[in-house]
Amino acid sequence: MPTDYTYAYTLLVCFFTLVWVILFIIRKDLRREMFIMSLLAAPLGPFGDFFYQRDYYLLPILNGHYWWIYSLACGFVYGGVAAVLYETLLKEHHRIQRGIRKKQGRHYWWFWAVFLGGGAFMYVGTFLLQINSIYVSFCVMFLGALWIGYQRKDLLVEAVGSGLALMAVTTVFYLVLQLVFPGIFETQWNIASLSGLFILGIPVEEYVWAFMWGLITGPAYEYVMAIKMR
């Protein structure tokens with residue numbers, strides 16, 4: 001009897017909601033950052049799935065009329081987790097650096113640049129150049145993170161650490177996912193258009209995506225708000 005993958009995406013949302021709640025409870029001082037980043041990342045869920053369901057994966061729930069609700073929830077929890085995971089694990093805290101704020105100021109425009117510029121980049125790469133959307137999104141996230149690293153070299157460690165931490169947590173989830181839904185990657189992912197490389201039964205693209213998302217989201221709040229870590 002074939003496996004029913006209807007609730008695979010729901011499991012993703014539930015897993016990271018649990019992680020989100022744990023982080024929210026543990027780090028009271030990071031709740032503002034976590035909530036703001038969750039709100040900002042929420043619309044990126046439907047935005048990303050609009051492209052990904054075209055050529056990367058097509059889970060059953062994304063065929064429904066309300067697929068965007070699940071994607072919105074995924075973006076919300078995934079954004080908040082990525083923003084504070086590294087800081088929570090290393091018990092780091094924010095420190096207002098007046099010199100940075102005076103010299104560079106806050107960079108609210110960066111979010112708009114990523115949203116609008118990234119959207120244009122995704123459209124051109126996916127629809128016009130016919131490149132798999134997952135690889136185009138790698139470029140978008142890397143360029144956004146590269147700009148932060150160029151402007152704030154003190155955030156490079158947090159960026160890389162956030163990427164590695166999120167990749168580790170995401171790997172745990174995908175190991176669980178394979179136990180609950182055997183064969184999900186072979187049947188629901190468009191393996192033919194990917195590299196075909198697997199690690200622990202997981203497409204290597206999933207590792208790269210999680211790392212890139214942590215790389216750009218981890219230091220984003222500190223960069224935009226001109227905050228240092230201590």
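May I ask you to say which residue of Asp4, Asp29 is in a helix (DSSP H, G or I) and farther than 25 Å from Leu116 by Cβ?
When all the criteria are applied, what remains is Asp29.
Just name the residue that is nearest to His107 (Cα to Cα) out of those in the stretch 144-176 that are of a type in the set (A, V, I, L, M, F, W, C), more than 15 Å from the chain's Cα centre (by Cα) and crowded, with 19+ Cβ neighbours inside 10 Å.
Restricting to residues being of a type in the set (A, V, I, L, M, F, W, C), more than 15 Å from the chain's Cα centre (by Cα) and crowded, with 19+ Cβ neighbours inside 10 Å, the top hit is Ile148.
When residues of the stretch 197-219 are filtered for being in contact with a strand residue (DSSP E or B) (Cβ under 8 Å, 6 or more places away or on another chain) and surrounded by fewer than 15 Cβ atoms within 10 Å (Cβ to Cβ), how many remain?
The total comes to 2.
In the list Gly163, Gly196, which residue meets the criterion of being closer than 21 Å to Val136 by Cα and part of a loop (DSSP other than H, G, I, E, B)?
Going through Gly163, Gly196 in turn, just one is closer than 21 Å to Val136 by Cα and part of a loop (DSSP other than H, G, I, E, B): Gly196.
Looking at this structure, is Leu23 more than 17 Å from the chain's Cα centre (by Cα) and among the aliphatic types (A, V, I, L, M)?
Spelling it out, it is not the case that Leu23 is more than 17 Å from the chain's Cα centre (by Cα) and among the aliphatic types (A, V, I, L, M).
Which residue, of Tyr70, Tyr78, Tyr52, Tyr123, is modelled with pLDDT of 95 or more, farther than 20 Å from Phe211 by Cα and part of a helix (DSSP H, G or I)?
Tyr123
Please identify the pairs in which a residue from the stretch 59-77 that is under 21 Å from Ile36 (Cβ atoms) has its Cβ atom under 7 Å from the Cβ atom of a residue that is among the aromatic types (Phe, Trp, Tyr) and buried (at least 17 other Cβ atoms within 10 Å of the Cβ), counting only partners at least 6 apart or on another chain.
Taking only residues 6 or more apart or on different chains, the pairs are Val77/Phe16; Val77/Trp20.
Search the stretch 90-120 for residues being surrounded by fewer than 14 Cβ atoms within 10 Å (Cβ to Cβ), charged (D, E, K, R) and closer than 17 Å to Met34 by Cα, and hand back the single one that is modelled with the lowest pLDDT.
Out of the qualifying residues, it is Arg95.
Just for the stretch 46-81: of the residues that are surrounded by fewer than 22 Cβ atoms within 10 Å (Cβ to Cβ) and of a type in the set (Val, Ile, Thr), which one is nearest to Thr217 (Cα to Cα)?
For the stretch 46-81, the residue satisfying everything is Ile69.
Suppose the filter is in contact with a strand residue (DSSP E or B) (Cβ under 7 Å, 6 or more places away or on another chain), assigned to a helix (DSSP H, G or I) and buried (at least 20 other Cβ atoms within 10 Å of the Cβ); does Glu222 pass it?
Yes: the conditions hold for Glu222.
The values are calculated or read from the model by the stated rules, or taken from the named source; none is laboratory data. Keep in mind that this is a model prediction, so the values were computed, not measured. When we count neighbours, we look across all protein chains shown, and the Cβ atoms used for this are built from the backbone with ideal geometry, even at glycine.
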